[in-house]
Every structure is written in structure tokens, then in C-alpha cells.
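To start, the structure itself, in C-alpha cells.
The values are calculated or read from the model by the stated rules, or taken from the named source; none is laboratory data. The model shown is predicted, which means the values in this text are computed figures rather than measured ones. Cβ placement follows ideal geometry from the backbone for every residue including glycine, while neighbour counts extend to all protein chains displayed. Heads up: the accessible areas ignore ligands, DNA and RNA and are worked out on the full protein's heavy atoms, side chains in. Shrake-Rupley method; radii C 1.70, N 1.55, O 1.52, S 1.80 Å.
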Amino acid sequence: MASPARLTVDLNALARNFHALAAAAGAPVHPVVKADSYGLGAAACARRLAAEGAQTFFVARAAEGAALRAALGAEPTIYVLDGCVAGTERALIASNLRPVLNHGGQLAAWRAAGGGACGLQVDTGMNRLGFRPEDAPAPFDGLALVLSHLACADDPAEPMNRRQRDAFAAVAQRYPGAVRSFANSGGCFLGSDYAFDAVRPGVCLYGGGPEGRPDPRIGAVATLSADILQVRDVPVGETVGYSRGFQAETPHRIATCATGYADGVLRSYSGRGAGLVWVAGELRPILGRVSMDVCAVDVSGLDVAIGDTVELFGANRMLDDAAAAAGTIAYELLTSVTARVPRVYVG
Ligand SMILES: *Cc1c(COP(=O)(O)O)cnc(C)c1O
């Protein structure tokens with residue numbers, strides 16, 4: 001059954017971003033496909049990325065890794081960023097997943113479980129996950145990859161990037177046989193000395209800019225679109241939606257569109273005026289409150305009809321701009337698109 005709202009994923013655009021990132025970094029791309037490929041669908045995205053040459057993938061959770069293993073088959077290498085969380089050892093081994101070990105307890109548990117190849121995360125300043133450099137373990141059998149994560153890669157002028165990079169280079173020397181992975185999306189554009197042996201982009205694969213704004217080096221991949229359910233004229237003085245969120249001071253024509261916060265159109269668009277939607281070749285504001293299943297768009301003066309489509313984000317309303325208008329970032333906007341919205345793959 002056709003859905004009145006859908007997330008269209010352009011796999012050719014995904015492939016172009018994959019190759020653009022590899023070229024920018026000058027290193028192989030190990031795609032990050034956690035959180036269901038940032039909401040786009042990890043099975044379809046990872047299969048295409050594997051067909052483009054990706055051989056190693058990152059997820060966050062063991063369960064994500066098991067699902068990805070089922071989708072990709074035995075060949076690719078899959079790392080789990082959460083590491084060896086107590087109780088997941090057997091699931092990791094059963095699906096041939098490699099935990100990225102973050103602390104001594106995880107290392108001990110992985111050894112006790114008889115686990116094989118794994119990664120190691122060193123925290124070079126973010127204070128999130130991983131061993132502090134001074135606590136990093138001696139090299140050990142099975143250690144295949146060492147990584148660290150940038151805290152400020154979306155800001156090339158941030159001096160912390162260089163400090164983290166130098167700290168990582170120093171600690172990685174301790175593990176001569178291991179693949180060194182440092183750069184996320186933003187890091188792919190910080191210079192060749194940030195690339196090391198393999199890069200780990202996520203959001204740029206899926207169409208987010210490396211600096212949190214639209215970027216000519218990255219193409220749109222995901223389009224959230226919805227059909228117009230009804231078009232109506234609102235006379236002067238009347239209001240639109242819950243709590244009279246918008247009042248017409250001039251006659252308005254509005255389109256009620258089949259997408260709301262239960263689809264991932266964040267309620268924080270409400271009343272900001274910056275929540276713009278692409279309709280009939282123009283960017284027009286969302287009026288009043290976003291409700292659960294619908295939102296109202298100002299189509300005054302436009303030639304629109306029931307069944308026409310509006311775009312919440314995509315090639316005409318860039319993801320980063322839409323996220324900023326909602327008071328958030330591309331990552332959160334993408335991962336907010338709910339299961340009710342079918343993912344439609346093209347390319
Ligand atoms: C999520 C994540 C990435 C990918 O980050 P992007 O900013 O989306 O490129 C890379 N490495 C780690 C450790 C992560 O948690």
C-alpha cells in the first residue's frame with residue numbers, strides 16, 4: 001500500500017559520497033552504519049557500500065551487528081563500537097563480530113569468553129569511551145584495529161583536533177600490526193595526516209555536511225516527502241492547528257500535509273517560521289504546530305492540489321538546513337524518522 005509519507009534513499013548518491021570521502025581522505029572508508037545507517041536502513045545501505053568496495057563496517061550495538069551480519073553474509077568485517085558489553089560475548093562470537101574494547105573489564109571479558117579478533121578504542125580527549133592513553137593495554141593477540149574519535153571534527157579551526165591527532169599517533173605506535181582508524185566524517189576533510197589507515201565516516205555518507213551545514217562535496221541521499229491531504233483557504237483572523245499556533249493576518253491558503261511528529265517531523269519546527277518545506281518549486285513555512293500525523297504549510301499563491309508532494313528535506317531542502325531550523329543536527333533529524341515511514345530505495 002502506498003504511504004502518504006516516505007523516506008526515499010538514493011543509493012547512487014550514497015555510493016558517490018562513499019567514493020568522495022575515500023578520495024578526500026586518501027584512505028579506505030570503513031562505513032559507520034550504526035542506528036540502522038542513521039535511519040536510512042543498514043541492510044540496503046551496507047549492501048550497496050559493500051558492492052562499492054567497503055570491506056569493514058562499524059555498528060554501535062551487538063544486535064545491530066548480528067542483523068548486519070545476516071544482511072551482508074560472512075565476508076565483511078564488522079566492528080561493534082560499544083565493545084564487549086557483559087552478556088553479549090556469545091552473540092558477538094556467534095555472528096563473528098569484533099568488539100571495540102573500551103576498558104580493562106571488556107578486555108578481560110572478551111579474553112574469558114575466548115573471543116578472537118577485536119579492536120581497541122583509545123580516548124584522546126573526548127572523555128566518552130575508550131582507554132586513556134596511559135592506561136592502554138600492552139599489545140595482545142587478536143588486536144586488529146585501534147581507533148580514537150574526534151570531539152570537534154566539524155570545526156577545522158578547533159585546536160583540539162590537532163592535539164587529539166598527535167595523541168592518537170603516539171599511542172597507535174604501540175600497536176604496530178593494527179589498522180589505525182581516527183577520522184569520522186569531518187576528519188576526512190582535515191588533511192591527509194588525519195586519515196591514518198582507514199576512515200570511519202557516518203553522516204557524510206548519508207548526506208550531512210562535514211561541518212554541520214550543506215557542503216558541495218557531499219550530495220543529498222535521503223528525501224523525506226509527504227503528500228498533500230487537503231488544501232484550504234484560511235480567512236483573516238482565523239487560526240491554524242492546535243493551540244491556535246498560527247493566526248492569519250491576511251488571507252492564507254494552506255496545504256495540510258501527511259507528515260507529523262510521529263513520522264519524525266520534529267515538533268520543534270512549530271512556530272519558528274524557519275521550518276521550511278519545498279512545495280511547488282518554492283520553500284514555504286510550516287504554519288502553527290506540527291501535529292502527530294500532519295502539518296500545515298503556507299501555499300498562498302501557489303498552484304497546488306491534493307496528492308501533490310512536499311519535501312521536508314532532500315535535494316531541495318538540505319538536511320543540515322532543515323535540522324538547524326528544528327534546533328538540532330542532521331544526525332538527530334535522520335535518526336528521528338520513525339518506523340511508520342517506509343524507506344524507498346532508488347538507484
Ligand atoms: C558515530 C561514530 C562515527 C561516525 O561519525 P560521523 O560524525 O557520523 O562521521 C565514527 N566513529 C565513532 C566512534 C562513532 O561513534
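Gln247 meets all of the listed conditions (1) open to solvent by 60 Å² or more (accessible area, probe 1.4 Å); (2) in contact with a Leu (Cβ under 9 Å, 6 or more places away or on another chain); (3) farther than 23 Å from Tyr38 by Cβ but one, namely (2). Restricting the range 184-216 to residues that are buried (at least 19 other Cβ atoms within 10 Å of the Cβ) and assigned to a helix (DSSP H, G or I) leaves a set whose member that is farthest from the chain's Cα centre (by Cα) is Tyr194. Applying the selection to the range 1-40, what residues are of a type in the set (S, T, N, Q) and open to solvent by 10 Å² or more (accessible area, probe 1.4 Å)? Hits for the range 1-40 are Ser3, Thr8, Asn12. The residue pairs whose first member lies in the range 81-92 and is in contact (Cβ under 8 Å) with a residue 12 or more places away in the chain, whose second member is of a type in the set (S, T, N, Q), and whose beta carbons are closer than 7 Å, counting only pairs six or more residues apart or on different chains, are Gly83/Asn102; Gly83/Gln106; Cys84/Gln106.
For the range 221-238, check the following and say yes or no: at least one residue is touching a helix residue (DSSP H, G or I) at 6+ places or on another chain (Cβ under 9 Å), under 30 Å from Ala22 (Cβ atoms) and part of a loop (DSSP other than H, G, I, E, B). Yes, that holds for at least one residue. Within the range 145-191, the set of residues being among the charged types (D, E, K, R) and touching a residue at least 12 places away in the same chain (Cβ under 8 Å) comprises Asp154, Asp155, Arg163, Arg165, Arg174, Arg180.
Summed over the range 260-311, residues that are touching a Lys or Arg at 6+ places or on another chain (Cβ under 9 Å) and of a type in the set (Gly, Ala, Ser) total 10. The numbered conditions (1) part of a loop (DSSP other than H, G, I, E, B); (2) more than 23 Å from the chain's Cα centre (by Cα); (3) within 15 Å of the ligand (Cβ to nearest atom) are all true for Phe168 except (1).
Before we move on, is Val179 among the β-branched types (Val, Ile, Thr), modelled with pLDDT of 95 or more and away from the ligand (no atom under 15 Å from the Cβ)? The answer is no for Val179.
Quick one: would you say Leu129 is assigned to a strand (DSSP E or B) and either modelled with pLDDT under 95 or within 15 Å of the ligand (Cβ to nearest atom) (or both)?
Values: assigned to a strand (DSSP E or B): no; either modelled with pLDDT under 95 or within 15 Å of the ligand (Cβ to nearest atom) (or both): yes.
Considered against the rule, which asks whether it is assigned to a strand (DSSP E or B) and either modelled with pLDDT under 95 or within 15 Å of the ligand (Cβ to nearest atom) (or both), Leu129 comes out as no.
Restricting attention to the range 55-87, the residues that are out of contact with any Lys or Arg (no Cβ under 8 Å at 6 or more places or on another chain), surrounded by 21 or more Cβ atoms within 10 Å (Cβ to Cβ) and of a type in the set (A, V, I, L, M, F, W, C) total 4.
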